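Worksheet: the structure to be examined is printed underneath.
The values are calculated or read from the model by the stated rules, or taken from the named source; none is laboratory data. Nothing here was measured: the structure is a model prediction, and the numbers come from that model. All Cβ positions, even for glycine, are placed from backbone atoms using ideal geometry, and neighbour counts span all protein chains on display.
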Amino acid sequence: MPETAEQTLDRWSGGVCPFEAGWRKVMMWIFIITDGLLFAGFLGSYGYARLMSARWPDQAAVFDLRLIALMTFVLISSSATMASAVGAVHNPRRSSTLRWLLFTILGGAAFLGMQAYEWTHLIGAGARLDGNPWGDPLFASYFFVLTGFHGTHVLIGVIVLTALAVRWRQHLASAAGVELAGLYWHFVDLVWVFIFTLFYLV
């Protein structure tokens with residue numbers, strides 16, 4: 001039997017990951033796809049509710065869009081620092097990877113701090129899950145669900161990156177671990193771009 005045919009049969013026998021990726025990376029991609037579909041469902045539901053609403057509030061009158069723009073800039077910048085950390089994992093100087101990880105953690109924490117300020121401001125103004133003073137009660141519901149669910153993802157990412165940074169400093173983490181964390185962090189940042197565009201701007 002030709003060598004190519006033998007290799008093909010061997011791949012069908014099991015134990016081979018797609019595209020030569022390890023099982024951890026494959027599982028991360030499965031998580032990202034399923035979680036992305038969940039976010040897409042939330043955003044689709046939000047879009048339908050907004051189209052059906054006769055009195056949807058004007059976002060510019062409710063939110064400080066300068067703060068939201070700053071939050072977006074910080075989170076996108078943290079995606080760049082995470083990419084730098086992934087790019088530095090094979091650098092003999094491990095300190096460069098640690099430094100970029102710490103910058104990413106700082107960016108995520110700053111984003112969460114600004115989001116907490118935004119939540120506090122809106123709650124103080126009367127926003128609740130079941131109503132708000134600006135119009136359609138679903139407006140506040142979708143605000144808390146979308147930003148809260150995404151914020152939870154960011155918080156989990158900050159915790160994971162903190163643990164990863166500690167393990168990296170102790171020479172316990174691998175380059176593959178940094179790459180997996182990078183995949184998750186880029187996904188979280190990409191989801192925010194959609195939320196920022198569809199909920200705050202459009």
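Filter the range 57-78 for residues that are under 17 Å from residue 147 (Cβ atoms), more than 15 Å from the chain's Cα centre (by Cα) and in contact (Cβ under 8 Å) with a residue 60 or more places away in the chain and give the result.
Answer for the range 57-78, where residues must be under 17 Å from residue 147 (Cβ atoms), more than 15 Å from the chain's Cα centre (by Cα) and in contact (Cβ under 8 Å) with a residue 60 or more places away in the chain: 57, 59, 62, 63, 65, 68.
Run down 148, 126, 157 and say which single residue is among the small types (Gly, Ala, Ser) and more than 20 Å from residue 35 (Cβ to Cβ). Steps first, please.
Working: 148 fails: more than 20 Å from residue 35 (Cβ to Cβ); 157 fails: more than 20 Å from residue 35 (Cβ to Cβ).
Every option except 126 fails the conditions.
Which is of a type outside the set (D, E, K, R), within 12 Å of the chain's Cα centre (by Cα), under 25 Å from residue 95 (Cβ atoms) and buried (at least 16 other Cβ atoms within 10 Å of the Cβ), of 191, 178, 154, 158? Give the derivation first.
Values: 191 fails: under 25 Å from residue 95 (Cβ atoms); 178 fails: within 12 Å of the chain's Cα centre (by Cα); 154 fails: under 25 Å from residue 95 (Cβ atoms).
Of 191, 178, 154, 158, the one residue that is of a type outside the set (D, E, K, R), within 12 Å of the chain's Cα centre (by Cα), under 25 Å from residue 95 (Cβ atoms) and buried (at least 16 other Cβ atoms within 10 Å of the Cβ) is 158.
Regarding residue 94, is this residue over 24 Å from residue 190 (Cα atoms), in contact (Cβ under 8 Å) with a residue 60 or more places away in the chain and surrounded by fewer than 15 Cβ atoms within 10 Å (Cβ to Cβ)?
The answer is yes for residue 94.
Okay, residues lined up against (1) closer than 22 Å to residue 65 by Cβ; (2) out of contact with any Leu (no Cβ under 9 Å at 6 or more places or on another chain); (3) part of a helix (DSSP H, G or I); (4) modelled with pLDDT of 95 or more:
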position	(1), (2), (3), (4)
96	no, yes, yes, no
107	yes, no, yes, yes
115	yes, yes, yes, yes
126	yes, yes, no, no
148	yes, yes, yes, yes
151	yes, no, yes, yes
154	yes, no, yes, yes
158	no, no, yes, yes
165	no, no, yes, yes
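Please pick out the residue among 69, 60, 109, 116 that is in contact with a helix residue (DSSP H, G or I) (Cβ under 8 Å, 6 or more places away or on another chain) and not aromatic (Phe, Trp, Tyr).
Values: 69 fails: in contact with a helix residue (DSSP H, G or I) (Cβ under 8 Å, 6 or more places away or on another chain); 60 fails: in contact with a helix residue (DSSP H, G or I) (Cβ under 8 Å, 6 or more places away or on another chain); 116 fails: in contact with a helix residue (DSSP H, G or I) (Cβ under 8 Å, 6 or more places away or on another chain).
It is 109.
Take residue 89 and tell me if it is farther than 18 Å from residue 115 by Cα and in contact with a Cys (Cβ under 7 Å, 6 or more places away or on another chain). So that I can check it myself, show each step before the final result.
Working: farther than 18 Å from residue 115 by Cα: yes; in contact with a Cys (Cβ under 7 Å, 6 or more places away or on another chain): no.
The answer is no for residue 89.
Return the residues of the range 46-60 that are farther than 15 Å from residue 133 by Cβ and either among the aliphatic types (A, V, I, L, M) or part of a helix (DSSP H, G or I) (or both); say none if nothing qualifies. Step through it out loud before you land on a result.
Applying the first criterion (farther than 15 Å from residue 133 by Cβ) to the range 46-60 yields 46-54, 60.
Within the range 46-60, 46, 47, 48, 49, 50, 51, 52, 54, 60 qualify.
Going residue by residue through the range 23-43, is there one that turns out to be more than 19 Å from residue 185 (Cα to Cα), at pLDDT 95 or above and surrounded by 12 or more Cβ atoms within 10 Å (Cβ to Cβ)?
Within the range 23-43, one or more residues are more than 19 Å from residue 185 (Cα to Cα), at pLDDT 95 or above and surrounded by 12 or more Cβ atoms within 10 Å (Cβ to Cβ).
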